[in-house]
1. In nanometres, what is the gap between the two model label sites at Glu513 and Glu234, each 7 Å from Cα along Cα-to-Cβ?
2. So, in nm, how far is label Glu503 from label Glu296 when the simple model puts each one 7 Å beyond its Cα toward the Cβ?
3. For the pair Glu354/Glu5, report the inter-label distance in nm, with labels modelled 7 Å from Cα in the Cβ direction.
4. Rank by packing, highest mean first: peptides 115-127, 300-312, with packing defined as the count of other Cβ atoms within 10 Å averaged across residues.
5. Within the accessible area of the range 351-484, what % is carbon and sulfur when the probe is 1.4 Å and the other protein chains stay in place?
6. Over the range 1-106, average the accessible area per residue using a 1.4 Å probe and give it in Å², no decimals.
7. Among (i) 35.6; (ii) 32.7; (iii) 24.6, which is the computed mean projected area of the Cα convex hull in nm²?
8. With +1 on each Lys and Arg Cβ and -1 on each Asp and Glu Cβ, and nothing else charged, work out how big the dipole of the chain is about its Cα centre, in Debye to the nearest 20.
Amino acid sequence: MNAKEFIQSGKAILGIEFGSTRIKAVLVDQENKPIAQGSHTWENQLVDGLWTYSIEDIWSGLQDCYADLRKDVNAQYGVEIENLAAIGISAMMHGYMAFDKNQNILVPFRTWRNTNTGEAAAALSKLFNYNIPLRWSISHLYQAILNNEPHVKDIDFQTTLAGYIHWQLTGEKIIGVGDASGMIPVDPKTKDFDAEMVAKFDNLIAPKNFSWKLLDIFPKVLVAGEDAGKLTAEGAKRLDVSGHLQAGVPLCPPEGDAGTGMAATNAVKQRTGNVSAGTSSFSMIVLEKELSKPYEKIDMVTTPDGSLVAMVHCNNCTSDINAWMGLFKEYQELLGLKVDMNELYVKLFNKALEGDADCGGLMAFNYVSGEPVTGLADGRPLFVRSATDKFNLANFMRANLYGAIGVLKLGNDILLKEENVKVDRITGHGGYFKTKGVGQRMLAAALNSPITVMETAGEGGAWGIALLASYLVNNDKKQSLADFLDEKVFAKETGVEIAPTAEEVDGFNKYIENYKACLAIESAAVEAKK
């Protein structure tokens, strides 16, 4: 069956992911290969000191993304999407979406990017004896309680962005275990919210006399492969405003972008890992056993099938590089030159390979927003050099590429050096790796480990959630998720591996020591420029 016939027969599978700057849709065929795509660009807004996306932007963005997918299908195959075999919804994890009994959002969506939850996160980390990051849903909820926000008493349902979209499309208050592990810790044995921590939280807030307990307002947790409901008639109309898409399509459990990244890079087995590097960055290492103690720089989450994962999450990655690229674009336009942004990125990224292994002493902080791993509640993008440093274009670009993964290096040093975690394969994906061999080589030097990048890595999380939707309906052998990915998705895809040289590792280590020493400058910049 060719792609056109496959789409007409209603057997194609749709994955949609809400990233921080782009909503993307991917349609896959019987071999789990993309056959059509759609996208919508959007941006978060800073409203009353908090990063948010409006409900209107969420739905108009989703509808525009799906319309763009329909346009691509029509242009390529001359057909309309009438039915689908399965749908998967994914989105950036964490944050705070609280609704009343009438399904009205009580306060604007508070995204993962907000760092106003320090008091709550610290108190919960101590209560649970477990690292509870600032961006986790439970931190946002408890901070709202500490702030005596009047809406809290009216909460009927609290979920993530993926959970919200899934709920509106199916009527089911469900969440995938990976996304759930970014709300409050999940017990890897039960693959559900940790019962002991839930009880401790309920006891903590008991004096407030709310009408609800935590599990009353949190979604039901499911693992990959479990039935998560079907597209309702109302949901079909909200997704496809043209009215062509039929109701009744099964949906897989909604997942977070961390889980879809693991699926898209075949990194759900123990001793595998992946690094997602785009607007933000995070590494995910699937553990063989629990760490010896909690670490503030390391979050514990799970794979989409419930295995324990050590996650190092960084709020910032490529945004500052993109800003510099905009400056170079302006300069070229000033000279009357035609600007091809793709060519600009490729040439400047490759120029970085000519730089000194330690960047000649140059230093870049990419902190567009706060960075919890290094203890900064706010960000100031910063470039630093001394008069004697080797200031040239190659070192400038290399310093910015190093700076984009500097915080990631700090967190992973704990796992790989202090905890002696063993990893057989680390796969990179995201915009940082788009220029072949450059970001990949930088990360290999940072982690002192071979890094694999697959041809499919650019497909990203929308493809990852499409794979999880495929696992729901195409897992006829009742395989584990890892075996399904190995045998039905990645059997012919091994990727390209780059190992670092000793000189590159030594150079990055020198850079990171300088980075740590210069954090005082970044901190002073935050304090000085309010």
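1. 6.2 nm
2. Reported label-point gap for Glu503 and Glu296 is 3.8 nm.
3. Going by the 7 Å Cα→Cβ label model, 5.3 nm.
4. Working: 115-127: 18.1, 300-312: 24.7.
Packing proxy ranking, top to bottom: 300-312, 115-127.
5. Working: 2250 of 4700 Å².
Carbon-and-sulfur percentage of accessible area, whole number: 48.
6. Working: 4380 Å² over 106 residues.
Result: 41 Å² per residue.
7. (iii)
8. Numbers: 51 positive and 66 negative charges, 70 e Å.
Roughly 340 debye for the chain.
The values are calculated or read from the model by the stated rules, or taken from the named source; none is laboratory data. Remember, it's a predicted structure, so these values are computed and weren't measured experimentally. Cβ atoms come from the backbone with ideal geometry, glycine included; neighbour counts cover every protein chain shown. Surface areas here come from the heavy atoms of the whole protein model, side chains and all, with no ligands, DNA or RNA. Shrake-Rupley method; radii C 1.70, N 1.55, O 1.52, S 1.80 Å.
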